[in-house]
Protein chains: 2
Amino acid sequence: MRSIRFLVAGTLAAFAISPAIGADDAALLRQAQQIFRPLPKDMGTADFPVSEERVRLGRLLFFDPRMTLDGNVSCATCHQPSLYGADGLPTSIGVRQRPHPRNAPTVLNAATQFINHWRGDRESVEDQVEQALISAISSGQPNEQAVIARLQGIPGYAALFKAAFPTDIDPLTVKNIAKAIGSYERTLVTPSPFDAYLAGDVNALSAAARAGLETFIRTGCAACHNGAGVGGGMYRKFGVVEDYWIATGSQAIDKGRADVTKDPADLYVFRVASLRNVVMTAPYFHDGSVATLPEAVRVMARLQLGAKLKDSEIDDTVAFLNSLTGDLPADFATAPILPPAAFTMPRP
Amino acid sequence: MRSIRFLVAGTLAAFAISPAIGADDAALLRQAQQIFRPLPKDMGTADFPVSEERVRLGRLLFFDPRMTLDGNVSCATCHQPSLYGADGLPTSIGVRQRPHPRNAPTVLNAATQFINHWRGDRESVEDQVEQALISAISSGQPNEQAVIARLQGIPGYAALFKAAFPTDIDPLTVKNIAKAIGSYERTLVTPSPFDAYLAGDVNALSAAARAGLETFIRTGCAACHNGAGVGGGMYRKFGVVEDYWIATGSQAIDKGRADVTKDPADLYVFRVASLRNVVMTAPYFHDGSVATLPEAVRVMARLQLGAKLKDSEIDDTVAFLNSLTGDLPADFATAPILPPAAFTMPRP
């Protein structure tokens, strides 16, 4: 009974429209409500729950550089609060200046995506963390034991792991580090004016943003960029109408998902990017080859949809994309205080 | 008249002692008030004032990695909020993994020091910033123009420089970057229980901390670690009684200030470290050779003063040093949102 009531209330809320708006605005809102979804309160799942203790631990670990080879790279190195959970670089720089092959997407709302990493080779944010912890580029640590040894040398962590994983006999494991950081990441939700719009407040979007939303749907952008993430829900070939690297000036051709699956049908296929907070996370695309959002919009319309957008349509689309910027979560904007170590980091 | 009244009021405040405390506690407090000073509200000076506009700009610049060669190192790389304004490393790691020769002291309260850097070769926090911006290790940029070009490519900055330096025809200069970051750093003050104690609240320090303070003064630590910074006010030879590198296990012998002045009298001379927030900023000494604070206290007493402290004295001293930990300033704990760039960072 309870779930039915919730469902009915949810359905009503989703279709509630303020009475004083025009027919066009009402139609656009109804259409948007069918294509997009508001962000959830958090992104916890049955397998990967959000718990207070895991989030507290995961937040510390996210900002702690001491797990990685030289102690100078943390999750927050490529996912900086000041840069809206990204790093501002075309492609990221890992430990010892080792180059990451692709652009770091923002960690904000990342767990809304159906799969992680540009080529879909990370099942979840937890899988991303687990692999990153012993990746040669992200962490540089040779094995899980090396990561764990570092945390064992920071006395403050033992009780936090015990609290986060109370039934584990030995809670300090790489799997649990990943679960804790994942639990924290699943709280990093940034509701924005667009969510208020989807809830029925037409005036949460400016007239330009609504015109941009209309363009976004009409041109076909929303065929891929939809759902709660406004993207992040499917794979698509980058460069449907013409080759992407010609329009973007990419310095290298990335075969995308084909390198993972070895399936020629996956050539140049990438996970569609979520557009949440996209205004704040330049540069754009898997290789960060395009610097500005108007240019990124122009390129996408041309390459994916064969559409040549007018300047005014691009401006309106950017106004709509602006409505996808939410406030930084307080637990992300504010740095946690890390427990001091009882060892001296080895020099590189 | 006004300045005289201020002086009288200040003198009275400095010697106010709560009436209900014992004679020993009162004597210790009086002694402490003669040796130490509470932190100021901010560290602005006539030459380097704190202004709202400079602080706003300087805070952004402090966290912005895009000024440096590969766009992946900012002031906050070696001065992380999560690590209390330091980096947790024995010696810091700069751009392209280039090694800094010495340990990064916390940026918190740094402007209370009479001179900057371990060897005193930076006149002020502004001088430190100015030199860092074109240092091969800190920034990697070949010249000032390269730094400025990066900021010119981030449209949001122009108005902020204009507001911070309204009488300058061309406000975007390296000198002004340094002044703005310096102005911000001069706000990073962390008053702590010890300041409340110095203001007359004896119970702001635990009995153990007061015993530690007594040990700290009696043993002679306070001969060098005094004033508002509890250090940072003079130069001293490291290793008065015996050579420092034997007791600390230092991997290399650093000649200290002698390498700057070429004066043999400056051999192994360093600026005395401020002990503000020292509990939070392991590892210790100019080369980060000692991992824990009890060991650092033991080593200092032995090397500088020829004193062999009992374990209980070390515990008490650490309890006193704990009273030097203040809250992170809100403008430091919370990351500012950086304006997006209109260019793509060159790949390394």
Among (1) closer than 15 Å to B:PRO40 by Cα; (2) part of a loop (DSSP other than H, G, I, E, B), B:SER250 falls short only on (1)
Which of the residues that make up the stretch B:67-103 are more than 17 Å from the chain's Cα centre (by Cα), within 7 Å of another protein chain (Cβ to nearest Cβ) and surrounded by 22 or more Cβ atoms within 10 Å (Cβ to Cβ)?
B:GLY71, B:ASN72, B:ILE93
Show the residue pairs meeting these rules: Cβ distance below 8 Å; 6+ apart or different chains; first residue within the stretch B:305-327 and under 15 Å from B:SER274 (Cα atoms); second residue open to solvent by 80 Å² or more (accessible area, probe 1.4 Å) and assigned to a helix (DSSP H, G or I).
none
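Only one of B:ARG218, B:ARG257 is on the phi < 0 side of the Ramachandran plot and surrounded by fewer than 17 Cβ atoms within 10 Å (Cβ to Cβ); which? Full working, then the answer.
On the way: B:ARG257 fails: surrounded by fewer than 17 Cβ atoms within 10 Å (Cβ to Cβ).
Just one listed residue meets the conditions, B:ARG218.
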Of the numbered conditions (1) out of contact with any Pro (no Cβ under 6 Å at 6 or more places or on another chain); (2) crowded, with 17+ Cβ neighbours inside 10 Å; (3) among the acidic types (Asp, Glu), A:ASP121 fails exactly one; give the number of that condition.
(2)
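Tally up the residues in the stretch B:240-249 that are open to solvent by less than 80 Å² (accessible area, probe 1.4 Å) and farther than 20 Å from B:ASP121 by Cβ, please.
Residues in the stretch B:240-249 being open to solvent by less than 80 Å² (accessible area, probe 1.4 Å) and farther than 20 Å from B:ASP121 by Cβ: 6 in total.
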Checking the structure you have, find out if any residue of the stretch B:225-236 is assigned to a helix (DSSP H, G or I) and surrounded by fewer than 20 Cβ atoms within 10 Å (Cβ to Cβ).
no
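Does A:PHE285 qualify as being open to solvent by 20 Å² or more (accessible area, probe 1.4 Å) and at pLDDT 95 or above? Show your work before the answer.
Values: open to solvent by 20 Å² or more (accessible area, probe 1.4 Å): yes; at pLDDT 95 or above: yes.
So A:PHE285 fits the description; yes.
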Exactly one of (1) open to solvent by less than 10 Å² (accessible area, probe 1.4 Å); (2) more than 10 Å from every other protein chain (Cβ to nearest Cβ) is unmet by B:LEU309. Its number?
(1)
Would you confirm whether or not the stretch B:329-343 contains a residue that is touching an Asp or Glu at 6+ places or on another chain (Cβ under 8 Å) and within 25 Å of B:PRO101 (Cα to Cα)?
no
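What residue, of A:ASP263, A:ASP316, is charged (D, E, K, R), more than 19 Å from the chain's Cα centre (by Cα) and surrounded by fewer than 21 Cβ atoms within 10 Å (Cβ to Cβ)?
On the way: A:ASP316 fails: surrounded by fewer than 21 Cβ atoms within 10 Å (Cβ to Cβ).
Going through A:ASP263, A:ASP316 in turn, just one is charged (D, E, K, R), more than 19 Å from the chain's Cα centre (by Cα) and surrounded by fewer than 21 Cβ atoms within 10 Å (Cβ to Cβ): A:ASP263.
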Going residue by residue through the stretch B:295-306, is there one that turns out to be over 30 Å from B:ASN72 (Cα atoms), in contact with a Lys or Arg (Cβ under 6 Å, 6 or more places away or on another chain) and more than 12 Å from every other protein chain (Cβ to nearest Cβ)?
no
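Among the residues of the stretch A:142-170, what is the count of those that are among the acidic types (Asp, Glu) and surrounded by 12 or more Cβ atoms within 10 Å (Cβ to Cβ)? Write out each step before concluding.
Going residue by residue through the stretch A:142-170, those that are among the acidic types (Asp, Glu) are A:144, A:168, A:170.
If we keep only those that are surrounded by 12 or more Cβ atoms within 10 Å (Cβ to Cβ) as well, we get A:144, A:168.
Going through the stretch A:142-170 one residue at a time, the tally reaches 2.
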Given the conditions (1) open to solvent by less than 40 Å² (accessible area, probe 1.4 Å); (2) part of a loop (DSSP other than H, G, I, E, B); (3) more than 14 Å from every other protein chain (Cβ to nearest Cβ), every one holds for B:PRO336 apart from (3)
Can you find even one residue in the stretch A:137-144 that is of a type in the set (A, V, I, L, M), in contact (Cβ under 8 Å) with a residue 24 or more places away in the chain and out of contact with any strand residue (DSSP E or B) (no Cβ under 6 Å at 6 or more places or on another chain)?
yes
Test: residue in the stretch A:273-282 that is open to solvent by 60 Å² or more (accessible area, probe 1.4 Å) and within 12 Å of chain B (Cβ to nearest Cβ)
no
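The values are calculated or read from the model by the stated rules, or taken from the named source; none is laboratory data. These figures come from a predicted structure and were not determined experimentally. Neighbour counts are summed over all protein chains in view; Cβ atoms, including those assigned to glycine, are modelled from backbone coordinates with ideal geometry. Accessible surface areas use protein heavy atoms only, side chains included; no ligands, DNA or RNA. Shrake-Rupley method; radii C 1.70, N 1.55, O 1.52, S 1.80 Å.
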